[in-house]
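K.L.:
First the structure, which I've put down as structure tokens, then a few questions once you've had a look.
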Amino acid sequence: MSVKPIAHRDVPAHQLAEVDPVLARLLASRGVKDASQADLSLRQLSPIGALGGLDAAVRLLMAHRTGRVLIVGDFDADGATSTALVTRCLAKFGFPAVDSLVPNRFDFGYGLTAPLVEIAKASEPSLIVTVDNGISSVKGVRAAREAGIDVLITDHHLPPEQLPDANVIVNPNMPDDAYPSKSLAGVGVAFCVMVALARELAKEQPDLAKVPANYLDLVALGTVADVVPLDHNNRVLVQAGLERIRARRCVPGILALLEAAGRDPAEIVATDLGFAVAPRLNAAGRLTDMSVGIRCLSTDSPEAARETAAALDGINRERRHLQNEMQKDADASIETLRIDNGEMPACVCLYESHWHQGIVGLIASRIKDTVNRPVFAFAKESDGLLKGSGRSIRGVHLRDLLAEVSHRLPGAITKFGGHAMAAGLTLRKDALVAFRGAVVDAMRRLYPAADFNPAIVCDGELPASHLSLQFAEKLRAWMPWGQQFPEPIFVGRFTAQTARLVGESHVKFVFDHDGQPIDGIAFGQRRPTLPAAGQRVEVCYRLDVNVWRQRRMLQLMIEQWQVVDD
């Protein structure tokens, strides 16, 4: 069992004086230094009107108020929530004909492609609205415009050098956009467009102004699921959505998915959306078709929501089985990749002809966590092409890395796109070996100081007074933790009472702390050597609340542990 070094977060001197000192320290180390940054009420939302293109988007939507509008989404949870949000809002606004179309990843690939436009033309839309995609859809937008269909792009992905010739583009990451929050998910961008449209329509019908806020539960789910940075603006959106879910004032589909996952809506936190609800939605896009996920989020019938949620739960079980089998292949192959000095290459590339292309992103993510390097995993797309998905480490921008490789290997990558931390590509199969070498060379050129042995960043030792169920409850409710606003991790030393293996790779601990037993669990441990009773153990952990038979107990969620002499 490899042990990572431990680093401690820097804590600024200026901290909130109005809250518990430990909470103040945690928030200050995450950039929250004044009351406004700690305030997650909707009045703290960045001014929506500052988002570029909104006025033009509203004019375009108003021009098609009596026409047929087609929403083209993406096949992940962000895309599904965006599609459900816009279709629901437009229906409430009185648009008479609103349909949605989501590309099957295996037949059409990502985004508004020209072949997808051919399918879309059958419903004779006057306007296509993309959500969570479109900024790279040059050919698809051209095909739509040539067919006489107007196009509104709402997206959050980084724009390429050549932009599509859409009627209007709304994207906070456009170079000239002054919107202060660049980290909106696709559903966040769609929400801003719907708010702007609602304000215009409210001039005629004032009650329409509040319609988009009724779907902040969808905004929260899509934002957390897409793992965008939880800056202050996104934390406001997520917190508002969580409050609606806890009060059961959310779409029936979210309640049904929580029920399928065994989660109590009243207890919901951001991580539940990320680890319980989102995977069930994403499984449909990975293995079959995201339309079933959109139906789950779009229906107002609790019975229909439970039926589709059950179907999604079944698809997710199949996804887990396939992923486990692929993970065994990946684990077996990574040791063969070590180079002369015993180190892994600067970027790891994996391929198996029988892998499922909808799951390679999950494999890349798991292997990235194991080898602490950027990872690309590939599956067969067609006879001559591979479909790849990549996951990155802090400090390495994956899309920029692919741009460099594409420049060095002209024609090898037929298309690519994504974020700093995640990207997708289509690669010529005969270029795989060349790609492996080129991406390592690109890593050396662009990121010579990349950190391949990252430390676990901890928030120090938790005072004994705060190692309690009460403080764990407070942390759960205080803020939505997530990407770039990480849940607190503490470090401490305890005496082991018992340690036993649970399942294939989990370790269940009972520690003694000042004469009091504390439960802990460590998931995904590789061939652990368990401590004996009485040994001292240094533990990096998160505080959690374990609910068992209506009893609430403190539990340590262990990130890393090691036996120490002290």
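The values are calculated or read from the model by the stated rules, or taken from the named source; none is laboratory data. For clarity, every value in this text was computed on a predicted model and none was experimentally measured. All Cβ positions, glycine included, derive from the backbone under ideal geometry; neighbour counts span all protein chains shown. Accessible surface is based on the protein model in full, side chains and every heavy atom, while ligands, DNA and RNA are left aside. Shrake-Rupley method; radii C 1.70, N 1.55, O 1.52, S 1.80 Å.
K.L.:
Just checking, how many residues over the range 11-42 are open to solvent by 30 Å² or more (accessible area, probe 1.4 Å), more than 25 Å from the chain's Cα centre (by Cα) and either more than 22 Å from residue 455 (Cβ to Cβ) or at pLDDT below 90 (or both)?
P.N.:
The number of residues fulfilling the criteria is 14.
K.L.:
Can you go through 108, 75, 93 and tell me which one is of a type outside the set (S, T, N, Q), at negative phi and open to solvent by less than 10 Å² (accessible area, probe 1.4 Å)?
P.N.:
Sole residue among the options that is of a type outside the set (S, T, N, Q), at negative phi and open to solvent by less than 10 Å² (accessible area, probe 1.4 Å): 93.
K.L.:
Would you check if residue 445 is assigned to a helix (DSSP H, G or I) and exposed (fewer than 15 other Cβ atoms within 10 Å of the Cβ)?
P.N.:
yes
K.L.:
Please go through the range 270-291 and pick out each residue that is hydrophobic (A, V, I, L, M, F, W, C) and surrounded by 20 or more Cβ atoms within 10 Å (Cβ to Cβ).
P.N.:
Once the filter is applied, which keeps residues that are hydrophobic (A, V, I, L, M, F, W, C) and surrounded by 20 or more Cβ atoms within 10 Å (Cβ to Cβ), the range 270-291 yields 270, 273, 277, 278, 281, 283, 284, 290.
K.L.:
Look through 102, 3, 19, 69 and report the one residue that is in contact with a Phe, Trp or Tyr (Cβ under 9 Å, 6 or more places away or on another chain) and without any contact (Cβ under 8 Å) to a residue 24 or more places away in the chain.
P.N.:
19
K.L.:
Scan the range 43-72 for residues that are farther than 30 Å from residue 479 by Cβ, open to solvent by 30 Å² or more (accessible area, probe 1.4 Å) and either in contact with a helix residue (DSSP H, G or I) (Cβ under 8 Å, 6 or more places away or on another chain) or hydroxyl-bearing (Ser, Thr, Tyr) (or both) and jot them down.
P.N.:
55, 62, 66, 68
K.L.:
Spot the failing condition for residue 188; the list is (1) open to solvent by 10 Å² or more (accessible area, probe 1.4 Å); (2) under 25 Å from residue 483 (Cβ atoms); (3) not hydrophobic (A, V, I, L, M, F, W, C), and only one is missed.
P.N.:
In the conditions (1) open to solvent by 10 Å² or more (accessible area, probe 1.4 Å); (2) under 25 Å from residue 483 (Cβ atoms); (3) not hydrophobic (A, V, I, L, M, F, W, C), residue 188 misses (1) alone.
K.L.:
Moving on. Aliphatic (A, V, I, L, M), at pLDDT 95 or above, more than 16 Å from the chain's Cα centre (by Cα) and closer than 23 Å to residue 360 by Cβ, is that true of residue 322?
P.N.:
Criteria met by residue 322.
K.L.:
Does residue 263 qualify as being open to solvent by 30 Å² or more (accessible area, probe 1.4 Å), in contact with a helix residue (DSSP H, G or I) (Cβ under 7 Å, 6 or more places away or on another chain), assigned to a loop (DSSP other than H, G, I, E, B) and under 27 Å from residue 307 (Cβ atoms)?
P.N.:
yes
K.L.:
Out of all the residues in the range 507-528, is one or more closer than 21 Å to residue 264 by Cβ, open to solvent by less than 50 Å² (accessible area, probe 1.4 Å), assigned to a strand (DSSP E or B) and in contact (Cβ under 8 Å) with a residue 40 or more places away in the chain?
P.N.:
Looking for residues that are closer than 21 Å to residue 264 by Cβ, open to solvent by less than 50 Å² (accessible area, probe 1.4 Å), assigned to a strand (DSSP E or B) and in contact (Cβ under 8 Å) with a residue 40 or more places away in the chain, one finds none in the range 507-528, hence no.
K.L.:
Okay, next question. Of the residues that sit in the range 139-176 and are among the polar types (S, T, N, Q) and assigned to a loop (DSSP other than H, G, I, E, B), which one is surrounded by the most Cβ atoms within 10 Å (Cβ to Cβ)?
P.N.:
Once the filter is applied, the top-ranked residue is 171.
K.L.:
Quick one: is residue 418 small (Gly, Ala, Ser) and either more than 30 Å from residue 233 (Cβ to Cβ) or out of contact with any His (no Cβ under 8 Å at 6 or more places or on another chain) (or both)?
P.N.:
No, not satisfied.
K.L.:
Working only within the range 388-405, note down all residues that are within 13 Å of residue 446 (Cβ to Cβ) and of a type outside the set (A, V, I, L, M).
P.N.:
If the condition is that a residue be within 13 Å of residue 446 (Cβ to Cβ) and of a type outside the set (A, V, I, L, M), then 392, 395, 397, 399, 400, 404 are the ones that fit.
K.L.:
While we're on this one: Residue 358 is checked against (1) under 26 Å from the mean Cα position of the chain (by Cα); (2) farther than 21 Å from residue 321 by Cα and fails just one. What number does that condition carry?
P.N.:
Checking residue 358 against (1) under 26 Å from the mean Cα position of the chain (by Cα); (2) farther than 21 Å from residue 321 by Cα, the one that fails is (2).
K.L.:
Out of (1) at pLDDT below 95; (2) under 27 Å from residue 293 (Cα atoms), what's the single condition that is false for residue 241?
P.N.:
(1)
K.L.:
Right, next: Among the residues of the range 301-321, are any out of contact with any Lys or Arg (no Cβ under 9 Å at 6 or more places or on another chain), part of a loop (DSSP other than H, G, I, E, B) and either within 27 Å of residue 211 (Cβ to Cβ) or not aromatic (Phe, Trp, Tyr) (or both)?
P.N.:
Scanning the range 301-321, I find at least one residue that is out of contact with any Lys or Arg (no Cβ under 9 Å at 6 or more places or on another chain), part of a loop (DSSP other than H, G, I, E, B) and either within 27 Å of residue 211 (Cβ to Cβ) or not aromatic (Phe, Trp, Tyr) (or both), so the answer is yes.
K.L.:
Give me the residue from the range 372-412 that is open to solvent by 10 Å² or more (accessible area, probe 1.4 Å) and in a helix (DSSP H, G or I) and, out of that set, farthest from residue 423 (Cα to Cα).
P.N.:
Here the answer is 408.
K.L.:
Would you mind stating whether residue 198 is in a helix (DSSP H, G or I), touching a helix residue (DSSP H, G or I) at 6+ places or on another chain (Cβ under 9 Å) and over 30 Å from residue 264 (Cβ atoms)?
P.N.:
yes
K.L.:
Follow-up question, since we're still on this one. Identify, by number, the condition in (1) closer than 25 Å to residue 358 by Cβ; (2) of a type outside the set (Gly, Ala, Ser); (3) under 24 Å from the mean Cα position of the chain (by Cα) that residue 430 doesn't meet.
P.N.:
The failed condition is (3).
K.L.:
Kindly indicate whether residue 557 is open to solvent by 20 Å² or more (accessible area, probe 1.4 Å), over 23 Å from residue 504 (Cα atoms) and part of a strand (DSSP E or B).
P.N.:
no
K.L.:
What are the residues in the range 208-266 that are under 14 Å from the mean Cα position of the chain (by Cα) and hydroxyl-bearing (Ser, Thr, Tyr), if any?
P.N.:
Scanning the range 208-266 gives a single hit, 223.
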